[in-house]
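K.L.:
This is the structure I have questions about; it appears just below.
The values are calculated or read from the model by the stated rules, or taken from the named source; none is laboratory data. This one's a predicted model, so the numbers in the text were calculated from it and none came from an experiment. So basically every Cβ, Gly included, is an ideal-geometry build from the backbone, and we count neighbours across all protein chains shown. Each accessible area value is taken on the protein alone, full model and side chains, heavy atoms only, with ligands, DNA and RNA left out. Shrake-Rupley method; radii C 1.70, N 1.55, O 1.52, S 1.80 Å.
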Amino acid sequence: MEPGFDLVVEARRYAAGHLTGQLSPRAVQKTATDELMALLPVLRRLPRRADRITGAMEQGRFSVNVRLFADERDRRVVSDLTNRFLLTLLGAATGIGAVLLIGAPGGPEITPTVSLFQVIGYNLLIVASILVLRVLFAIFRSR
């Protein structure tokens, strides 16, 4: 029987050789040294900054200023969401009013089959459609 290629055995052999090379003490020492050298400027400034912070706390001058809507993007998001909510609310209320007026019996007759309530109702239905379409357009445009 002729020996074949065993993928699992070859993968284990490659991984063992590769990991042994990466985890050698010299490689770990070099990586740790490089990381510490990169952090050295930050570590040098740390005692000075800690001293300033504790001094400000001791004298009562240490404060943190957090504003809820300090960033323009935050204000824009809240404004857009409020605008969409109000347009949706107005569109729904106008649509409900339109349906009620269209289905309401009586009212002054414009023609023998159409009353003033129906004319106002159909006009309100157009307004409600425009408001809802504006909201949908704003939602899909932002994506």
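K.L.:
If you check R75, R67, which single one turns out to be open to solvent by 90 Å² or more (accessible area, probe 1.4 Å), over 22 Å from I139 (Cα atoms) and either at pLDDT 85 or above or outside any helix (DSSP H, G or I) (or both)? Give the derivation first.
P.N.:
On the way: R75 fails: over 22 Å from I139 (Cα atoms).
Testing whether each residue is open to solvent by 90 Å² or more (accessible area, probe 1.4 Å), over 22 Å from I139 (Cα atoms) and either at pLDDT 85 or above or outside any helix (DSSP H, G or I) (or both) leaves just R67.
K.L.:
Take segment 41-59 and flag every residue that is more than 35 Å from the chain's Cα centre (by Cα), surrounded by 10 or more Cβ atoms within 10 Å (Cβ to Cβ) and not charged (D, E, K, R).
P.N.:
Of everything in segment 41-59, those that are more than 35 Å from the chain's Cα centre (by Cα), surrounded by 10 or more Cβ atoms within 10 Å (Cβ to Cβ) and not charged (D, E, K, R) turn out to be T54, G55, A56, M57.
K.L.:
Can D6 be described as touching a residue at least 12 places away in the same chain (Cβ under 8 Å), surrounded by 10 or more Cβ atoms within 10 Å (Cβ to Cβ) and of a type in the set (D, E)?
P.N.:
Numbers: touching a residue at least 12 places away in the same chain (Cβ under 8 Å): no; surrounded by 10 or more Cβ atoms within 10 Å (Cβ to Cβ): yes; of a type in the set (D, E): yes.
Spelling it out, it is not the case that D6 is touching a residue at least 12 places away in the same chain (Cβ under 8 Å), surrounded by 10 or more Cβ atoms within 10 Å (Cβ to Cβ) and of a type in the set (D, E).
K.L.:
If a residue has to be under 43 Å from the mean Cα position of the chain (by Cα) and either within 22 Å of F140 (Cα to Cα) or not in a helix (DSSP H, G or I) (or both) to count, how many in segment 80-125 make the cut?
P.N.:
Residues flagged as under 43 Å from the mean Cα position of the chain (by Cα) and either within 22 Å of F140 (Cα to Cα) or not in a helix (DSSP H, G or I) (or both) within segment 80-125 amount to 14.
K.L.:
Kindly provide the set of residues from segment 1-45 that are of a type in the set (D, E) and modelled with pLDDT under 80, ordered by number. Spell out how you get there, then give the answer.
P.N.:
So in segment 1-45, the residues of a type in the set (D, E) come out as 2, 6, 10, 34-35.
Residues satisfying the conditions are E2, D6.
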